[in-house]
1. Cβ contacts < 7 Å: first residue under 14 Å from residue 232 (Cβ atoms), restricted to region 193-206; second residue of a type in the set (Ser, Thr, Tyr), any location; separation 6+ or different chain. Result?
2. If the requirement is being under 27 Å from residue 293 (Cα atoms) and either in contact (Cβ under 8 Å) with a residue 60 or more places away in the chain or surrounded by fewer than 17 Cβ atoms within 10 Å (Cβ to Cβ) (or both), which of these qualifies: 356, 385?
3. Give just the number: which of (1) at pLDDT 75 or above; (2) part of a helix (DSSP H, G or I); (3) not aromatic (Phe, Trp, Tyr) does residue 170 not satisfy?
4. What are the residues in region 185-211 that are of a type in the set (Gly, Ala, Ser), more than 15 Å from residue 227 (Cα to Cα) and outside any helix (DSSP H, G or I), if any?
5. Would you mind stating whether residue 166 is surrounded by fewer than 20 Cβ atoms within 10 Å (Cβ to Cβ), small (Gly, Ala, Ser) and closer than 23 Å to residue 265 by Cβ?
6. Going residue by residue through region 298-315, is there one that turns out to be surrounded by 13 or more Cβ atoms within 10 Å (Cβ to Cβ), at pLDDT 80 or above and either in contact with a Phe, Trp or Tyr (Cβ under 9 Å, 6 or more places away or on another chain) or assigned to a helix (DSSP H, G or I) (or both)?
7. Whether any residue in region 401-420 is farther than 24 Å from residue 320 by Cβ, in contact (Cβ under 8 Å) with a residue 24 or more places away in the chain and of a type in the set (Lys, Arg) is what I want to check.
8. Answer yes or no as to whether residue 250 is within 26 Å of residue 128 (Cα to Cα), at pLDDT 85 or above and open to solvent by 50 Å² or more (accessible area, probe 1.4 Å).
Amino acid sequence: MSDAASPRSAAAQLRGYAEALLMVAASTLLGLALAPTWGNSAVDLLYLPAVIATAVLAGFGPALFAALLAALAYNFFFTAPHFTFRIDNANDVVTVVVLFAVAAVTSQLAASVRRQARIAQAHAARNATIAGLARRLLSCTNEGEIGEVSTRQLAELFDCNAVLIGGAPPPRMLASAPAPMRLAASDIAVAALVLDSGERAGRFVERSVPTEWQFHPVKSENATIAAIALARDDGTPPIRSDQLPLLDNLLDQVALALQRGRLEEEVREFARIRERDQVRSVLLSTIGQDLKPRLQAIGSAVSALRRSGSADKALVSTVGSEASKLDRYLSNLLELGPESDQRPLRAGDVTIDLLRRTVMRGGENVHLTPKQYGVLAELAKHPGRVLSHAHLLRTAWGPAQEGQVEYLRVAVRGLRQKLERDPSRPLLIANEPAVGYRLNVG
């Protein structure tokens, strides 16, 4: 507890004892007024409200003092011989003893109720403080906003300067309050120590280091993701020992907000990447639709010139070669896609993983020849779509074999033998007569 709190506590205790004295004095005066009419037998009960009130208002110490004063006052004013502390009657001795015992027990019970009420009030205030910070942090969407809100709230609650240091190496300041401030290189070094060890360090804590700040870790599960630095301009401790539980709870809320902010940032980044990939896919598809027919037209023109024999053979060969390369480059470009789109494809009990180039049936690996895998992979890239014979041949065998449909039939027959439950009635690889094949995944 700070030095400033001690005089206030001492003054409160003295005030409590003074109130106890006044209440017992008031009860005595009331008893002296009532005794001539009602007698002394009921006067002792007048002291109990004074003891209870003292216990509720000032605590157990002043209440016990009030109980002792009540017993002495009753003995002095209301037991024979009067105005002395000597008691001649045994009944009066019992009355004084019982009065003190009842007053002491009552004061203890009342003080206990007062103590529990104060604890409940303190817990309610702490919970309200934690809930208030959590509510304000909910509206924050990034580390900067979280840092501004958390440092401002901590600075107001503990009446000190607050700085939030991020945990990403090297440590960096995220925010400060109540005004922008800078940390020295030695302070940053202490912050790095706290981030690495996960323990408090700095001034007025067990792990004392040469710095004006007090550093506390901000933890998420077992990791330290940030640190908070606290200090007062007058050099007094920014946090009392009895305030550490509250600070820890507040820092837990800051940790949750930082984790939530990072997750939201990751989600936004993923959405941006996903949107970019979708735009790229659409662009590539458009390029393919625009260029493929033109490249095919060039290839057909080259074939016609070769058959006619009237053109320069070297020039025709060069044009044909370059057109074939361009067509192959375009095909490879269209096959490119985000890795997230290359998830294993499931068709019944068959799993096709294009990324790892594996095919499994019923949990067991299936060995395919290079041509068989080339045909299956091309079908898997376009599940449910009919791919022409020429397309599949060009992909698996190259442009020079586009007319060799028998090659494709042999490869498909082998795939059905290895993958279909009943190759005579294929369900996985369907034939579209005179067109091509389709991979069924439904």
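The values are calculated or read from the model by the stated rules, or taken from the named source; none is laboratory data. Small disclaimer: the values here were computed from a predicted structure and weren't measured. Cβ: placed from backbone, ideal geometry, glycine included. Neighbour counts: every protein chain shown. Remember, those area values only see protein heavy atoms, side chains included, never the ligands or the DNA or RNA. Shrake-Rupley method; radii C 1.70, N 1.55, O 1.52, S 1.80 Å.
1. Note: pairs meeting the criteria are 202/211; 203/211.
2. Values: 356 fails: under 27 Å from residue 293 (Cα atoms).
Testing whether each residue is under 27 Å from residue 293 (Cα atoms) and either in contact (Cβ under 8 Å) with a residue 60 or more places away in the chain or surrounded by fewer than 17 Cβ atoms within 10 Å (Cβ to Cβ) (or both) leaves just 385.
3. So the condition that residue 170 fails would be (2).
4. 208
5. no
6. So in region 298-315, the residues surrounded by 13 or more Cβ atoms within 10 Å (Cβ to Cβ) come out as 298-299, 301-302, 305-306, 311.
Next cut, at pLDDT 80 or above only: 298, 301.
From the residues that got through so far, the ones that are either in contact with a Phe, Trp or Tyr (Cβ under 9 Å, 6 or more places away or on another chain) or assigned to a helix (DSSP H, G or I) (or both) too are 298, 301.
Checked against the condition, which is being surrounded by 13 or more Cβ atoms within 10 Å (Cβ to Cβ), at pLDDT 80 or above and either in contact with a Phe, Trp or Tyr (Cβ under 9 Å, 6 or more places away or on another chain) or assigned to a helix (DSSP H, G or I) (or both), region 298-315 yields at least one hit.
7. yes
8. Details: within 26 Å of residue 128 (Cα to Cα): yes; at pLDDT 85 or above: yes; open to solvent by 50 Å² or more (accessible area, probe 1.4 Å): no.
No, not satisfied.
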